[in-house]
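These notes are about the structure you will find just below.
Bear in mind these aren't lab numbers, they're just calculated from the coordinates by the rules spelled out. Because the structure is a prediction, the values reported are computed rather than measured. Heads up, the Cβs are rebuilt from the backbone with ideal geometry, glycines too, and the neighbour counts pull from every protein chain shown.
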Amino acid sequence: MVMSLHSTLIRAAKEKWAVPHFNVGDFEQFRGVCEAAAKLRAPVMIGTSEGERDFLGLPQSVALVKAFRDQLHLPIFLNADHTRSVRAAKAAIDAGYDSIHIDLSREPWNTNLKGTREIVRYAREKCKRKNVKCKISVEGELGYIVTESSKVYKKKILVDPSTFTKPEEAKKFVRLTGVDRFAPAVGNLHGIAANKPKLDFVLIKKLRGIIPMNVALVLHGGSGNSPAAFKKAIKLGINNIHISTELRIAYVKSEHASLHRQKNELAPYKLAAPVVEAVRKKAEYFIRLFGAYNKA
Ligand SMILES: [Zn+2]
């Protein structure tokens, strides 16, 4: 029996390391991340955005995670990342996802609060009905992160601090929704900008101080931050970090090189092998950096 996501996150918070969350959109990425987790005995979250899960399929994503988790005996969890509607979140819960990130951060406060609370209730009810030891972890988000994960921006992007999450609002949001994980806007960006993101460490510390310890504090848009910034953010209370763009870059670079090197190769799995390895190495780098190795 592997550890639950909830207990893994609580352990990470206590011991000051972070559970890595890697986005995947195909089997090569799945395999690369799971091989990294197996090699370093690390708990990992695998996330599919709405686009990624449309491509992979909901039941197919659930089956793949289960297959890797059972075979490797590792805490590998599937998260429905940035789910922007209550309907899509319920569909992921019904399909068997371990975790839902309901992201209504672009909506007004009341809509966000109501929708997030509805998903927390739906997840709890689902577990009750299953009549087994079940805990679907739900993440809510407050404060709008302005950019996209599929982009490497040529320009500098400076986020206006007035749009960052306010600690008192965060506390209220967590209390009223009952979420298991909370994603704030603290200067983080999706994608990679020409400048390093300027994380507001004072705000991270304040948020950790005001939000109960059994609620994970999630950093989205991990790609593009310096190792020192990650370490500081973890020390101050971040215990779950999302990486997408850097895995995508490793994937695409390696795929181009593989196709170029093996012009006459017709077996797709031979062309894909270096891609899996590139994803694995990148995932291993972050697992080590976040202190998540040997924690499974
Ligand atoms: Zn994100």
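Less than 13 Å apart at the alpha-carbon level, and either on another chain or at least 8 residues along: which aspartates and glutamates does that give for K235?
E15
If I build a Gaussian network model for the chain, linking alpha-carbon pairs within less than 10 angstrom, which residue out of H190, H256, H220 has the largest mean-square fluctuation?
Most flexible of the set in this elastic network: H256.
With a cut-off of at most 13 other beta carbons within 10 Å, and DSSP calling the residue loop, which trypsin sites (Lys or Arg not before Pro) in the range 168-269 qualify? Please list them.
For trypsin sites (Lys or Arg not before Pro) across the range 168-269 that sit outside H, G, I, E and B with at most 13 neighbouring Cβ atoms in 10 Å, the list reads K263.
Could you pull out which residues in the range 32-59 have an amide N less than 18 Å from a spot 7 Å beyond the Cα of K14, following the Cα-Cβ vector?
In the range 32-59, the label zone of K14 (backbone N under 18 Å from the point 7 Å along Cα→Cβ) covers 43.
Report the residues of the range 204-227 in range of a label on K235: point 7 Å along Cα→C-beta, backbone N strictly under 14 Å from it.
Flagged as within label range: 205, 227.
Give me the extension gain from K281 to R261: residue separation times 0.36 nm, minus the current Cα-Cα distance, reported in nm with one decimal.
5.2 nm
Only loop residues by DSSP count here, and only those with at most 13 other Cβ atoms within 10 Å; note down the trypsin sites (Lys or Arg not before Pro) in the range 62-96 that meet that.
Here no loop site has a sparse enough neighbourhood.
Set the Förster distance to 25 Å, then compute FRET efficiency between N294 and F27 from the Cβ-Cβ distance, nearest 0.05.
Computed FRET efficiency for N294 and F27: 0.40.
Could you calculate the contour length gain from I157 to D70, that is, 0.36 nm times the residue separation minus the distance between their Cα atoms, to one decimal place in nm?
My answer for the length gained is 27.1 nm.
Could you identify which residue out of L189, L236, L217 has the top mean-square fluctuation in a GNM of the chain using Cα springs shorter than 10 Å?
L236
Which value in deg cm²/dmol, rounded to the nearest 500, describes the helix-derived mean residue ellipticity at 222 nm for the chain, given -39,500 (n - 2.57) per DSSP H run of n ≥ 4 and division by the residue count?
That comes out to -16000 deg cm²/dmol.
Give me, ordered by chain and number, the residues 5 or more places off N195 or on other chains with an amide H under 5 Å from its own placed amide H.
Residues meeting the amide H criterion: I157.
Positive end of the charge dipole of the chain (Lys, Arg +1 and Asp, Glu -1 on Cβ, about the Cα centre): tell me which of S223, H6, G209 has its Cα farthest that way.
G209
Which one, N112, N214, N239, has the greatest fluctuation when you compute a Gaussian network model over the chain with C-alpha springs under 10 angstrom?
Fluctuation is largest for N214.
So which lysines pass the test for K231, namely a Cα distance under 18 Å, with those fewer than 8 places away in the same chain ruled out?
Candidates past the 8-residue exclusion: K14, K16, K196, K198, K205, K206, K282, K295.
If amide hydrogens are placed 1.01 Å from N in the peptide plane, which non-local residues have theirs closer than 5 Å to the one on L142?
Result for L142 returns A183, A185.
Find the relative contact order for the range 5-289 and round it to a whole percent, using C-alpha pairs within less than 8 Å whose residues are 6+ positions apart.
This gives 21 percent for the range 5-289.
Would you order I192, I10 from fewest to most other beta-carbon atoms within 10 Å of each residue's own beta-carbon?
I10, I192
Can you sort H242, H6, H260 by how many other beta carbons sit within 10 Å, fewest first?
Going from sparsest to densest Cβ surroundings: H260, H6, H242.
Explain nothing, just the number: dipole magnitude of the range 157-296 about its Cα centre with +1 on each Lys and Arg Cβ and -1 on each Asp and Glu Cβ, in debye rounded to the nearest 20.
So the dipole magnitude of the range 157-296 works out to roughly 360 debye.
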